[in-house]
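Read the structure below first, then the notes.
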Number of protein chains: 2
Amino acid sequence: MANESPESTDDLPTPALVVDAAVLDANLAAMDAVLPGRRLRPHVKAFKSTALASRLASDGHTGFCAATPREVEGLVAAGLTDDLLLANESLDVARLGELADLAQITVAVDSEETLDAAIAGGIRHVLIDVEVGLPRCGCSPDDAPVLADRARSAGVKVRGVMGYEGHLMMVDDRTDRIARVEESMQILRDAHDRVGGEIVSGGGTGTFDTNTWCTEIQAGSYTLMDTHYDGLDLPFRPATSLLGTVISVSAKGWIVVDVGLKAVGMDHGDPSWSHGDVFFLSDEHATLVPTDGSTWRVGDRTRLTPAHIDPTVARHEVMWLVVGDAVVDRWAIDLRHW
Amino acid sequence: MANESPESTDDLPTPALVVDAAVLDANLAAMDAVLPGRRLRPHVKAFKSTALASRLASDGHTGFCAATPREVEGLVAAGLTDDLLLANESLDVARLGELADLAQITVAVDSEETLDAAIAGGIRHVLIDVEVGLPRCGCSPDDAPVLADRARSAGVKVRGVMGYEGHLMMVDDRTDRIARVEESMQILRDAHDRVGGEIVSGGGTGTFDTNTWCTEIQAGSYTLMDTHYDGLDLPFRPATSLLGTVISVSAKGWIVVDVGLKAVGMDHGDPSWSHGDVFFLSDEHATLVPTDGSTWRVGDRTRLTPAHIDPTVARHEVMWLVVGDAVVDRWAIDLRHW
């Protein structure tokens, strides 16, 4: 069985999600320098751990956003109750209404149905979610004040608006990104003018410093980071990798590591390996081809870097904080599932 | 919180993994007709549920194979102890050696290191894993008898050989598939001639009836099935889908369902939707475009069919057995993680 107090990465069961503590610290500091305190609303969907959320709260980022009711419930259970935003539409919000005396909980709404579910479920605060170019959730700017009126008529406080310019996270030219984010946020600000409230919430890791129009930025990936953002001019580096054990070595030139499809999110493509090519992944295997002259023996350990951190984290029960090969902490990934 | 005894799919929290009980029954019957009893060694990695494994055992398929030590541990804990094969290389097998008095446990080995770990870990039975064309685990045919001798010298029983022709699962022309499987299995049979033992283990859902050279077939995906096998001439149909709730409807023509990247394995591509196109998935969203003239309201429910069942199942805590919209059973997915 797994060693519960490993001192070294050599003691970890594999596959294991490991986080370089120094890189994590640097990522948090780089974000904090631009968006201190409540200017940042960390998005827990990216890391799903109340341990990391507590660390962010101790740095002054005490408002959080979440993508699922369960994430909000977990934050409340961890005592992170200052200002929690379900930044997503849900009809299953009565479970959060039950927590209204324990925490300030706000939910996003973009339709009569989601608003009425919030009202019926005892939710006391909402943001009007406005579609700003990403083909996903969000109402039209014209519908936003109508929903706000409906909410206020029911005694629900409308704290403002939110809109996610997710389609612009990966615009690689910074000048172009700024122009397109401004255009997108103009839609949100126009809606805000008609809705009122103190909050204009939006943004993400890719636009954390180019979206200067929101009162708060929803970013989470910057903490653990992944290779998907590599092409951008961001000050964040991948902190997270999948530690695996070499379980087979072929004379034909490949090796097999026990990091497979069940340990890594594949929607952004294969993970990366610093010693060569990732040939393919199976459920519990990665077949790798060294191209740097390195030689490998069964039992050696190596790390892969995931292309998309959010769904990767969601596949693990725990992340291990490491300094080099020393294990310095164990953080439960306790906000998983729904 | 989730209703623990839902009667209808309308009562399920979403996203939910639902299994059509009638299709599952038909898939199991179709396999059983070709590979009765121990001719089939069901691979639990595809469904990760001892409830489904117990159902297979009650049908006479009492030998199982697994991809991780934890899957083997879970089978032992569920009393499915007749004949368990870790059909994968691992150095973390002492945890299975501790169970040797409770169950017959066999592990695959393809190197001195994995064999020595098995010996040191108290494993009493091994199969020699031979590479038969898939660039993954497995020793060369020449190394197989050397490993067998080393095992026997240490008092470990060599039950035979295994080899997985995974590269041939998707050969769409049946005649071509038979020819190539035969060629691949000739390697395994030659190794078997030099190794001995009563077992020649291999195959999978894609070759369940074309691999006639193994004494037992390792198949698991056929139970829950996915769309990846659609092009083949197999008698199995997708039994499993992701039930989601429509959380947003856009006047621009798309709808959003709460089935995202954290609920579905994406390595084989997007899930399918019978009413139209899957535009893209985010962490907790699928943006869908109806093309069949159907209209949708917030709160409606719909199902997506995953392209790869194994990593999809591994993302959920439970699967719900359904007949139409009636929920008839709840099976824990209790063999997850490592």
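Read-outs: derived from the displayed coordinates by stated rules, not from any lab. Just so we're clear, the structure is a prediction, and the values are computed from it rather than from any experiment. Neighbour counts run over all protein chains shown; Cβ positions are idealised from the backbone, glycine included.
Taking chain B as a Gaussian network of alpha-carbon nodes connected by springs under 10 Å, the highest mean-square fluctuation of the residues B:324, B:133, B:160 belongs to B:324. State, as an integer percentage, the relative contact order of chain B based on alpha-carbon contacts under 8 Å between residues 6 or more apart. Dividing the mean separation by the residue count of chain B yields 21 percent. For the protein assembly as shown, the dipole from Cβ point charges (+1 on Lys and Arg, -1 on Asp and Glu) about the Cα centre works out to 540 debye, to the nearest 20. With neighbours defined as other Cβ atoms within 10 Å of a residue's Cβ, the residues B:320, B:273 order from fewest to most as B:320, B:273.
Using C-alpha pairs under 8 Å with a sequence gap of at least 6, the mean separation divided by the residue count of segment B:35-225 gives a relative contact order of 19 percent. For chain B, the share of alpha carbon pairs falling in successive 20 Å distance bins from zero is 30, 53, 16, 1 percent. With its label point put 7 Å out from Cα toward Cβ, residue B:10 sits 6.1 nm from the same residue's point in the other copies, in order from shortest. For segment B:75-87, 3J(HN,Hα) computed residue by residue from phi via the Karplus equation (6.51, -1.76, 1.60; θ = phi - 60°) reads 5, 5, 4, 8, x, 8, 10, 4, 6, 10, 10, 7, 8 Hz, glycine and proline entered as x. Sorting B:10-21, B:327-338 by average packing, meaning the other beta carbons within 10 Å per residue, from highest down gives B:10-21, B:327-338. The packing ranking, built from the mean of other Cβ atoms within 10 Å per residue, places the peptides B:211-217, A:255-261, B:170-176, A:203-209 in the order A:255-261, A:203-209, B:211-217, B:170-176, highest first.
Of all aspartates and glutamates in the structure, the ones whose alpha carbon falls short of 12 Å from that of residue B:157, not counting any fewer than 8 places away in one chain, are B:149, B:198.
Considering only A:221, B:322, B:268, and ranking their Cα positions along the charge dipole of the protein assembly as shown that arises from unit charges at the beta-carbon of Lys, Arg, Asp and Glu, the one farthest toward the positive end is B:322. Using the charge dipole of chain A (Lys, Arg: +1 at Cβ; Asp, Glu: -1 at Cβ; taken about the Cα centre), state which of A:171, A:280, A:33 has its Cα farthest towards the positive end. Towards the positive end, the residue furthest out is A:33. The dipole here belongs to segment A:35-225: it is taken about the Cα centre, uses +1 on the Cβ of Lys and Arg and -1 on the Cβ of Asp and Glu, and is about 560 debye.
Note on the protein assembly as shown: Cα convex hull, mean projected area over all directions, 28.5 nm².
Tally Lys and Arg at +1 and Asp and Glu at -1 over the other residues with C-beta under 14 Å from the C-beta of residue A:302: what net charge comes out? It works out to a net charge of -3. For the peptide A:304-317, the mean number of other protein chain Cβ atoms found within 10 angstrom of a residue's Cβ is 3. Classify segment B:17-57 as rounded, prolate or oblate, taking a ≥ b ≥ c as the square roots of the eigenvalues of its Cα gyration tensor: rounded when a/c is under 1.5, otherwise prolate if a/b is larger than b/c and oblate if not. The shape class here is oblate. Averaging 1/r across all pairs of distinct Cα atoms in segment B:81-182 and inverting the result yields a Kirkwood radius of 14.3 Å. Copy B relates to copy A by a rotation, and the B residue whose beta-carbon is nearest that axis, with the distance in whole angstrom, is B:266, 3.
Other residues with beta-carbon under 13 Å from the beta-carbon of residue B:196 carry, at +1 per Lys or Arg and -1 per Asp or Glu, a net charge of +1.
Inter-copy label distances at residue A:153, using a point 7 Å along Cα-to-Cβ, come to 8.6 nm with the shortest given first.
Ordering B:308, B:51, B:298 by Cα displacement along the dipole of chain B toward the positive end leaves B:51 in first place; charges were set at the Cβ atoms of Lys, Arg (+1) and Asp, Glu (-1). Phi angles of segment A:114-126 translate, via the Karplus equation with coefficients 6.51, -1.76, 1.60 and θ = phi - 60°, into HN-Hα couplings of 5, 5, 5, 5, 5, 4, 5, x, x, 6, 9, 9, 9 Hz per residue; Gly and Pro are given as x.
For residue B:43, the residues whose modelled amide H falls within less than 5 Å of its own, excluding neighbours fewer than 5 places apart on the same chain, are B:65, B:219, B:220.
If only the Cβ of Lys and Arg carry +1 and only the Cβ of Asp and Glu carry -1, the dipole of chain A around its Cα centre is close to 280 debye. Couplings 3J(HN,Hα) of segment A:286-292, computed from phi: 10, 8, 10, 10, x, 10, 10 Hz, in residue order, whole Hz [Karplus 6.51 cos²θ - 1.76 cosθ + 1.60, θ = phi - 60°; x for Gly and Pro]. Taking 0.692 mPa s as the viscosity and 37 °C as the temperature, the Stokes-Einstein diffusion coefficient of segment A:294-338 based on its alpha-carbon Kirkwood radius rounds to 254 µm²/s. The Cα atoms of segment A:155-200 define a convex hull whose projected area, averaged across directions, is 3.6 nm². The ranking of B:9, B:210 from fewest to most other beta carbons within 10 Å of each one's beta carbon is B:9, B:210. Per-residue mean of foreign Cβ neighbours for A:240-253 is 4 (Cβ atoms of other chains, 10 Å radius).
Take residue A:77, move 7 Å from Cα toward the beta carbon, and the resulting point lies 1.8 nm from the same point in each other copy, nearest first.
Taking max minus min of the alpha-carbon positions on each principal axis, segment B:35-225 gives extents of 45, 40, 24 Å, largest first.
Each other residue within a Cβ distance under 9 Å of residue A:163 adds +1 if Lys or Arg and -1 if Asp or Glu, for a net charge of -3. Given R0 = 45 Å, the distance between the Cβ atoms of residue B:170 and residue A:26 translates into a calculated FRET efficiency of 0.55.
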